[in-house]
Each structure stands twice: as structure tokens, then as C-alpha cells.
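Remarks on the structure that follows.
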Amino acid sequence: MTEEMTPIGLKEGMKFNCNSQNECFNDCCRDLNQALTPYDVLRLKNNLGMSSQDFLKQYTSLHYGPVSGLPVIEFKPNPEAGYACPFVTLKGCLVYEDRPGSCRMYPLARAIARSRDTGEITQYFALIEEPHCKGFGKETGQTVEEWLQGQDVNKYNEHNDKLMEVIRHKNRILPGKLEGVLSDKFYLALYDIDEFRAQIVEKELLKGLDIPEDILTKIKIDDTVLLEFGIKWVNHMLFGHKMTFGE
Ligand code: SF4
Ligand code: SF4
């Protein structure tokens, strides 16, 4: 399959319209090779009313990023179903409200650069035009920025950007494949967050760490706070970074 990438700015027009009348409807949800971020897993398991452990076991497989060496989760490949997403139906996406960030971004690619001085993030976008997708060239009357808002993708990007820091440190401090207990800790805190919470509550996983009471209370009831906490915990356990709160 050939594809064309065209850089595009946030204020430019988004000439792309995906809808169920397009002859390609659902084609993009087949022949998948789709990685899921920790925030994707959180949203999907809650949509399905499953524990993270059950969701990961039933729907995902684990491999290691060839560049990052970190554990990567993707939808379990199903050759009998043409490698289709487990949630695609004839009527569309079964988990639409909580579909992964990459499903929301398509057909846009996003890259970021973070300023060393201010920490400010600059985003860059490109349109990826694939021959099977018939949504291109159709006016929506929206800018790229408005289209992204309609996809409700910004909070996905915010969470995923926090993970970029882990990846950056990993390559610098622990090059190569992450293995053994460190890999287990990464998987536990960032993907299997219900088990992470259970180990915090029942097995005193955080013993010896100085965690403020209000954070401990919040991570017991709020998955998003737990995930943000998990990134700090991983930075601490893998790279020795001090865990700080309230920033
Ligand atoms: S292939 Fe493109 S236009 Fe067709 S359903 Fe998927 S995203 Fe929409
Ligand atoms: S989660 Fe939904 S939108 Fe994403 S690939 Fe699966 S069916 Fe398609």
C-alpha cells in the first residue's frame, strides 16, 4: 500500500470527510497493526466495564518497541477476521465514545517538539493519504484545529505526551530492550492499572515512598490520576527520578 504525507497547519482547511456513506466505511478498522497507549487501554476497559487485567488478556498482545525497547500493547492479531479490530461492526465502532487516540487522529499524523528552556510543546501535523480511504478532498468547512476538537482527541494527546518523557529517558539511561522486573513494573503501572491499584492498596507497593495523603486518596478512586501517578512511579523506579507532586 502506498501513502502520501502532506504537512498541514492547524488553521488550514480540513478537506476530509469520513462517514458511513463512503464506500470504504470500516475499511480502516481492518488489516490493523495498531498500538494502544496506556490512556487508550484505560478508556477502552472502562467502556467495556472490564478490569484492565481481563481487557489486556482478552483483546491485546504484548511486544517490545524496536526503537524504545519498551513494552507495547496492540490489539491481538486475528488472521481469521482479516486482522480486523475486535470492535468493528457493520454499523461502525462498538466503542466509539472511547475509541483509541490513533482512531481519532486518522488521517492525521502528529509529531511534537518540546522546548528545552520552557518545556513548551510545538505540534506538527501531516495528512496521510492512503489509496483505500475515500474521505479525502471532501469539504467539511472546518479547519484542522476544529476537526481535531470534534474528534475530542486533545486529552489523548496530553496523556500520550507525558509518556514521551518516559521514552526519552529510557533511550538515554537504559538503552536496549527493557526486561525482567523493570519491564513488569512498566506494564503494571501503565497498562494493568487496576492491578497496580490493587497492589498499592493490598500489598503496600508504595511502602517507603513519601506520597501525600490526598494523592493516595485520589489514586484509589480516579483512573486518570492513577495513570499520571503511574508515569511518575515508573520514572522513579526505572530512572531514579524523585516523585514530586503539586506541580
Ligand atoms: S477508510 Fe477513510 S473515509 Fe473510509 S471509513 Fe475509514 S477513515 Fe472513513
Ligand atoms: S476502535 Fe473503533 S474506530 Fe478504532 S479501529 Fe476499532 S472499530 Fe475502528
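The values are calculated or read from the model by the stated rules, or taken from the named source; none is laboratory data. Predicted model only: the values in this text are computed from it and were never measured. Note that we place each Cβ from the backbone using ideal geometry, even for glycine, and neighbour counts take in every protein chain shown.
Number of residues in segment 16-53 that are loosely packed, with under 14 Cβ neighbours inside 10 Å and out of contact with any Asp or Glu (no Cβ under 9 Å at 6 or more places or on another chain): the value is 8. Here Arg104 clears all of (1) outside any strand (DSSP E or B); (2) under 18 Å from the mean Cα position of the chain (by Cα); (3) away from ligand 2 (no atom under 16 Å from the Cβ) except the condition numbered (3). If you go through segment 76-87 and keep only what is in contact with a helix residue (DSSP H, G or I) (Cβ under 9 Å, 6 or more places away or on another chain) and within 16 Å of ligand 1 (Cβ to nearest atom), you end up with Ala84, Cys85, Phe87.
Residues being closer than 27 Å to His63 by Cα, surrounded by 15 or more Cβ atoms within 10 Å (Cβ to Cβ) and of a type in the set (Ser, Thr, Tyr) are entirely absent from segment 142-150.
Looking only at residues in segment 104-124 that are within 16 Å of ligand 1 (Cβ to nearest atom) and touching a residue at least 60 places away in the same chain (Cβ under 8 Å), the one that is surrounded by the fewest Cβ atoms within 10 Å (Cβ to Cβ) is Ala109.
For segment 88-103, filtering for residues that are within 16 Å of ligand 1 (Cβ to nearest atom) and more than 21 Å from Ile8 (Cβ to Cβ) leaves 11. Within segment 117-154, being outside any helix (DSSP H, G or I) and among the charged types (D, E, K, R) holds for Asp117, Glu120, Glu129, Glu130, Lys134, Lys138, Glu139, Asp152.
Scanning segment 1-57 for residues that are closer than 17 Å to Leu94 by Cβ, aliphatic (A, V, I, L, M) and part of a loop (DSSP other than H, G, I, E, B) yields Leu32, Leu48, Met50. Checked against the criteria, Val234 does not count as modelled with pLDDT under 95, among the β-branched types (Val, Ile, Thr), buried (at least 18 other Cβ atoms within 10 Å of the Cβ) and within 18 Å of the chain's Cα centre (by Cα).
Looking at this structure, is Gly13 among the small types (Gly, Ala, Ser), more than 30 Å from Pro175 (Cβ to Cβ) and surrounded by 13 or more Cβ atoms within 10 Å (Cβ to Cβ)? Spelling it out, Gly13 is indeed among the small types (Gly, Ala, Ser), more than 30 Å from Pro175 (Cβ to Cβ) and surrounded by 13 or more Cβ atoms within 10 Å (Cβ to Cβ).
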